[in-house]
1. For the stretch 1-18, enumerate the residues that are outside any loop (DSSP other than H, G, I, E, B) and either crowded, with 20+ Cβ neighbours inside 10 Å or among the aliphatic types (A, V, I, L, M) (or both).
2. Give the residues of the stretch 376-428 that are closer than 21 Å to SER326 by Cβ, acidic (Asp, Glu) and out of contact with any Leu (no Cβ under 9 Å at 6 or more places or on another chain), sorted by residue number.
3. Across the stretch 394-421, which residue is nearest to PRO227 (Cα to Cα) among those that are outside any loop (DSSP other than H, G, I, E, B), more than 9 Å from ligand 1 (Cβ to nearest atom) and touching a Ser or Thr at 6+ places or on another chain (Cβ under 8 Å)?
4. Of all residues in the stretch 208-228 being surrounded by 21 or more Cβ atoms within 10 Å (Cβ to Cβ) and out of contact with any strand residue (DSSP E or B) (no Cβ under 8 Å at 6 or more places or on another chain), which is nearest to LEU152 (Cα to Cα)?
5. Considering only the stretch 289-329, state which residues are touching a helix residue (DSSP H, G or I) at 6+ places or on another chain (Cβ under 6 Å) and among the charged types (D, E, K, R).
6. Output the residues belonging to the stretch 62-83 that are closer than 24 Å to GLY131 by Cα and either touching a Cys at 6+ places or on another chain (Cβ under 7 Å) or free of Cβ contacts under 8 Å to residues at least 40 places away in the same chain (or both).
7. Among what's in the stretch 383-416 and is acidic (Asp, Glu) and away from ligand 2 (no atom under 11 Å from the Cβ), pick the residue that is surrounded by the fewest Cβ atoms within 10 Å (Cβ to Cβ).
8. Consider ARG378 carefully, then state whether it is more than 10 Å from ligand 1 (Cβ to nearest atom) and without any contact (Cβ under 8 Å) to a residue 40 or more places away in the chain.
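The values are calculated or read from the model by the stated rules, or taken from the named source; none is laboratory data. Remember, it's a predicted structure, so these values are computed and weren't measured experimentally. For neighbour counting, all protein chains shown are included, and Cβ atoms are generated from backbone atoms with ideal geometry for every residue, glycine included.
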Amino acid sequence: MSYLFNRGIHPKDKKELTADLPFEVMSAPAKVYIPLCQHIGAPAKARVSVGDRVKAGTLIGEATGFISANVHSSVSGTVVAIEQRENAAGRKIDHIVIENDGLYEEEALPPLENPTKMDIFTRCYDAGIVGMGGATFPTHVKIQPNKPIHTLIINGAECEPYITADYRMMLEHPKEIVEGISYIKTVLGAQKVVIGIEDNKPKAIDAMQAAVAGTDITVQKLKTKYPQGGEKQLIHAVTKLKVPWTGLPADVGVIVVNVTTAFVVYEAIKLGKPSYTRFMTVSGKGIKRPANLIVRVGTPFEDVVDYLGHNDYVKAIVGGPMMGLSIANLNPVVAKGNSSLLLLDKSEEREIEPTPCINCGRCAMACPMRLIPMMTDRLILKDKIADSYKYHPQCCIECGCCAYVCPADRPLVQSQRLAKKLIKERMQ
Ligand code: SF4
Ligand code: SF4
């Protein structure tokens, strides 16, 4: 069995900048700006007012609706404003501004011993845990699927270039990850648990294999290929099951949870700590001292860059270079789902000058979702929305493989995004 999905690409991984650097704690800034929406779903509702005193771990935003997540303060201090600011995606959302008093007083939830299924579910909700791999789907919803689950896959692939936060997590906290996994397994009632790690991370494979000894959890070495960490690609590589194009992993009896999410679940249950710190990689040649950092949620990216220093750079990206968001300035803040911040210099940034498509078919050969990106690109530019629908752009996972291989530098991911948006608008 080759633990591999079909198609995909092999970009340079560039992880050597930070792979051997242990996490270091960045001290909190004088003010944090905590977004009330750091997750997929409805924004949380403010639970504090200007003038209120809070501690690290105080609930400051309450989940609203079924798909939503609680938000907690990351420092102790005083609420000085509730204001709208742009997040990394350029969306204006409410942020709670807290002046840090430097005392670092904490408010924890009661630690749980031998928790029941309901205890674990409730704790994930109370602690505001969301998918730390970047998807930011609320974990309490993910672990309550309405279908039976036979396999829990723990995603340790971390296939995006530059990022080493999950890798360091597996080296530094393997036992805690395994404990977090055991709680998630209890809720799901899964018979099988597999930790999937790419074979370019042998030390992480060894660390996790040692940590699972004596349990029924297995560690599966996966061939290195991008986007191995995509949910559907990982499920296919590990189980050979195919999630339907428009379906969810639970449709084939599988749930995928990121390794750092498992660690955060451990912290919430064992230590009673709500989710308000972020383990992240800050890298690229534009950063003077690349690092793996533990940062408090709500810290402006500008402070993170000041802390490490910077060289000349041409592009700032939140997330990886393949699927991350390019940001125009460093005003947005670190949120729960941000596994990395990259500053790329000229030598790392490919200059793109699109030319007409030459029908080489490479984009289709690279697409892990088996789409035909050049057709969507062609049709959407001619405003043929209904015709583009036939090529299923709504199934695009925006992995960027097509654009990476295109010799004509076509902006294929943007075309897929535009097609998705226009199709959705038309359907509504
Ligand atoms: S069409 Fe979408 S899923 Fe396919 S390679 Fe391009 S970005 Fe990835
Ligand atoms: S890879 Fe680029 S040039 Fe080749 S078919 Fe696709 S869009 Fe056209």
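1. Residues of the stretch 1-18 outside any loop (DSSP other than H, G, I, E, B): 9, 15-17.
Residues satisfying the conditions are ILE9, LEU17.
2. GLU398, ASP409
3. Out of the qualifying residues, it is GLN394.
4. ALA211
5. Of everything in the stretch 289-329, just one residue is touching a helix residue (DSSP H, G or I) at 6+ places or on another chain (Cβ under 6 Å) and among the charged types (D, E, K, R), namely ARG289.
6. GLU62, THR64, GLY65
7. Let us first name the residues in the stretch 383-416 that are acidic (Asp, Glu), namely 383, 387, 398, 409.
Next cut, away from ligand 2 (no atom under 11 Å from the Cβ) only: 383, 387, 398.
On the way: ASP383: 9, ASP387: 14, GLU398: 17.
Going through the qualifying residues, I end up with ASP383.
8. Working: more than 10 Å from ligand 1 (Cβ to nearest atom): yes; without any contact (Cβ under 8 Å) to a residue 40 or more places away in the chain: yes.
When the stated conditions are applied, ARG378 passes them.
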